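As C-alpha cells, the structure follows; a few thoughts come after it.
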Amino acid sequence: MNKKQKVASGFSRRNFIRNGGLTATGFILAPRLRLAGNKLFFNSPDANRSALANDKLKVCDHAELKGFIGRKLDLSYKNRIMAQDAKALVDPFRHRTETHLWQNEFWGKWFTSAVLAYRYRPDNGLKKILQDSVTDLISTQTEDGYIGNYKKENHLEEWDIWGRKYCMLGLLDYADLTGDQASVQAAKKLADHLIKEIKEMDGLIVNKGNYRGMAASSVLEPIVRLYNQTGDKKYLGFAEEIVRQWEIPQGPHLISKANVDVSRRFPKPKVWYSYEQGQKAYEMMSCYEGLLELYRATGKSEYKQAVEATWNNILKNEINIAGSGASVETWFGGEKLQTSPVEHFQETCVTVTWIKLSQQLLRLTGEAKYGDAIEQSYYNALMGALSADGSTWAKYTPLNGRRLPGSGQCGMKLNCCVANGPRGQFTLPFTTIMSMHEGISINFFVEGSYTLGTPSQKKMIIIQKTDYPLSGAIHFHLGMEAPEEMTLRIRIPAWSRHTSLKVNGNEIQGIIPGEYAEIKRTWSPEDHIFLQLDLAGRVVVQGEGATYAAILKGPVVLARDTQLAHTNLGTFNRPIREADGNIKLEAEGVGQNKNWMQYRASFMPEAYSEAGPQPIQISLCDYASAGNGGEQSTFQVWMPQLYDPREH
C-alpha cells in the first residue's frame, strides 16, 4: 500500500488532530539533564520524568563477565562492534534514492548495539567511533528534519518509517549515554517531521509500510522515549494516537486480539511479505516493546495486560526447545511443529526481539518465568546464531540441519540479523544481577563481578564463582561496605527439580522451581551463599504417533553433530533413562574439545537380531557449538524415535 492510497476509515487528517493525534492530557515535569550512568542502560522512563508505572528491577552499575559468556561478549565486541565500517552505514542517508528496501535500519541496529557494548566496557576507541558516527548521521539531516534514505516521493512507504525509528533509537541512546543535546534535538526534528508528513497525508500511520502497519507503528518506542526525554506532550499524544489506530479496521489489533493466538490473528495473506501479513513476529514484538514503554509513561493497565497475554501466547504456542521461533519470519504455531524440517526457522532478529521483550517484562515485573525464557533463548538460539569468532550472525538457525551462511542485503555488506544480534547479546551483563527497592535480585548465573547499590544506596560488589552451566555449583560473595538488612532473591529455574541453597552452611527451606527464593535478613561482608542447581540430563519427547526425543542439560539443548563419534544421523536410537527418568551424561574430553560442552550418553539402537540390541554410546555437544565449527557439519537436536504399536 503506498502513501497515495487513502483508507476510508473515518479517521481523516482532521479527525487525527481532533482525536488527540498531536495533543494529550497529562502532566509534565521540567526536564532534567542526566548524564551517562548505567541506570539509563535500558532508557528508563524516569530519566527526565516520573513514571506512572515503575520497574520492579533496576540494572546494575557495572558488570564484568567471565567464562563462556564473557568470552563471547569479548569476541563480539572486537570482531563485530569495533570492526564495523560505521561510515558505510550512514552513506544511504546521504543519497536518499531508496524506494522499497531497508538498509536504513542497519545504522540504528549497529549503533544501539555499540552503545550497549560501550556501557559494558568503556573504550576510548569505541567512544570515538560513536561520537563520529552520530555526528555523521546528524549531518545528513535535511532542513525540514528528515533523516532517511528514501526518495521524497516515496516517503512513508515500505520501510521508511521503520528506518526513521532506528535512527531515533540510536540518537536517544547516545543522548542517554552522554547527555548530548544535539542528538535530542535531531531526534525531535526527525519526530516532528514524521508527525507533520503523516498529518499532511491522511493522519494515519497504520496504513503505511508493511505488515498491517506494525513496522511503521513500532516507532512508538522512540516516540515515548522522546516524551520521557523532553516532557513534550505532543509526543505522548502521538504515541496514544498510534495505539488507538491499532484498533481501526486496517490496524494490527494488537490490544483487542491480545488473547488470540499470534499465528491466527488474521487470514493467511496472498502475498507473504505484504501489508496484509498480520503474523510478522519481529515487528509485532517491536510494537509491544513500545507499548510497555507507553504503559510506564501512562500507567494504563490494559497496555501491560495486552503485552503479558501476547507473551504468554508466544511462549506456549511458538517458542521451541532452543528458545526462539517463527518460520519465514512469522508466527506459525511452531511449538508443535518444531520436530519437522521448518523453512527459514528462528530468524535471529526474532530471537533478539524475544529476548529484549522478555527483558522488558523481567525488569518491569520481576517474575521468574521471564528469566527462564531469556536464559533458554540466550544459551541456545542466540549463541547458536553467533559465529565461533564473534564476527557475524546466522540469519536462521534450524534445530536439525546445517548452519548456512547468510548474505548481504539491500546492496550492503551485512544483513538485518548481523546488525541486530549484539542487541540481544549485550543485554545480559547488566541484568544478570539487578537491584530492587527492597534488595537484590540474582537473575542469571554467570561468573564475574557485579556492582550495584543496596537499598540504603551503599555500594555492593557481588562476585559469582561458577562454571555454570557446565556444573550447577554457584558461589556468591557479597562485597558490602557494612551490614544491612535487605531481601536477596535468587531465581530457581523451572527445570531444577532438586535444588540446594545454603547461607553460611545453613540450608534454606521451601525452594520452589520456577520461582525466586527470597531471603530477608541482615547481610554482612562475611556471608557466603552457595547454590546447587540440578543439572541432570533430561529427556524431552515431542509428538504423537511419530515421536522425537531431545536431550537437555540445565538450560542447554544438546545435539548430535556429524563431527562427533557415532553420529550417523540416519539411525534410530532411544535414550536410555535411569530410574529417576533422567539420562546419564558423562563429560567427554574435558578441555580438549573445540565445543563448549561435550558428553557421552547411552542409547538403545535399532536391531533385528533375536538377542536384541545392546546399548551404544553416542556423543552430544551443546546446540550453540553444533555445526558451528571450522568445517561444515550436520547436526540433530530432535532424534526420531521408532514407532512401537505395543506402546500405543
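Quick look at the numbers
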item	result
Selection status of G333, crowded, with 23+ Cβ neighbours inside 10 Å and either within 26 Å of N210 (Cα to Cα) or in the same structural domain as V541 (by TED's automatic domain parsing) (or both)	no
Within segment 57-133, helices (runs of 4 or more DSSP H) holding 3 or more residues that are under 24 Å from the mean Cα position of the chain (by Cα), under 25 Å from F444 (Cβ atoms) and of a type outside the set (A, V, I, L, M)	67-76, 106-120
Test: residue in segment 603-622 that is of a type in the set (F, W, Y), part of a loop (DSSP other than H, G, I, E, B) and closer than 17 Å to P469 by Cα	no
Within segment 408-476, strands (runs of 3 or more DSSP E) holding 3 or more residues that are under 19 Å from R71 (Cα atoms) and either touching a His at 6+ places or on another chain (Cβ under 9 Å) or modelled with pLDDT under 95 (or both)	459-466
Selection within segment 76-90 - surrounded by fewer than 23 Cβ atoms within 10 Å (Cβ to Cβ) and in contact with an Asp or Glu (Cβ under 6 Å, 6 or more places away or on another chain)	N79
Selection status of L533, in contact with a Ser or Thr (Cβ under 6 Å, 6 or more places away or on another chain), in contact (Cβ under 8 Å) with a residue 40 or more places away in the chain and either over 18 Å from T339 (Cβ atoms) or surrounded by 20 or more Cβ atoms within 10 Å (Cβ to Cβ) (or both)	yes
Verdict on Q457 being free of Cβ contacts under 8 Å to residues at least 12 places away in the same chain and of a type outside the set (G, A, S)	yes
Check on L357, surrounded by fewer than 23 Cβ atoms within 10 Å (Cβ to Cβ), under 30 Å from A53 (Cα atoms) and either of a type in the set (K, R) or not assigned by TED's automatic domain parsing to the domain that holds R491 (or both)	no
Filter result for the condition that a residue is under 30 Å from S133 (Cβ atoms) and polar (S, T, N, Q), over Q250, Q229, Q245	Q229
Cβ pairs under 8 Å, 6+ apart, first in segment 302-320 and more than 24 Å from L52 (Cα to Cα), second of a type in the set (D, E, K, R) and buried (at least 18 other Cβ atoms within 10 Å of the Cβ)	L315/K369
Meets criteria (modelled with pLDDT under 50, out of contact with any Asp or Glu (no Cβ under 7 Å at 6 or more places or on another chain), loosely packed, with under 14 Cβ neighbours inside 10 Å and of a type in the set (D, E, K, R)) for R71	no
Filter pass, A565 being of a type in the set (A, V, I, L, M, F, W, C), in a loop (DSSP other than H, G, I, E, B), under 22 Å from D644 (Cα atoms) and at pLDDT below 95	no
Counted residues, segment 138-168 - those being assigned to a helix (DSSP H, G or I) and surrounded by fewer than 23 Cβ atoms within 10 Å (Cβ to Cβ)	4
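Residue by residue, here is whether (1) surrounded by fewer than 24 Cβ atoms within 10 Å (Cβ to Cβ); (2) touching a helix residue (DSSP H, G or I) at 6+ places or on another chain (Cβ under 9 Å) holds:
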position	(1), (2)
K270	yes, no
M284	no, yes
N312	yes, yes
G323	no, yes
V350	no, yes
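The values are calculated or read from the model by the stated rules, or taken from the named source; none is laboratory data. Nothing here was measured: the structure is a model prediction, and the numbers come from that model. All Cβ positions, even for glycine, are placed from backbone atoms using ideal geometry, and neighbour counts span all protein chains on display.
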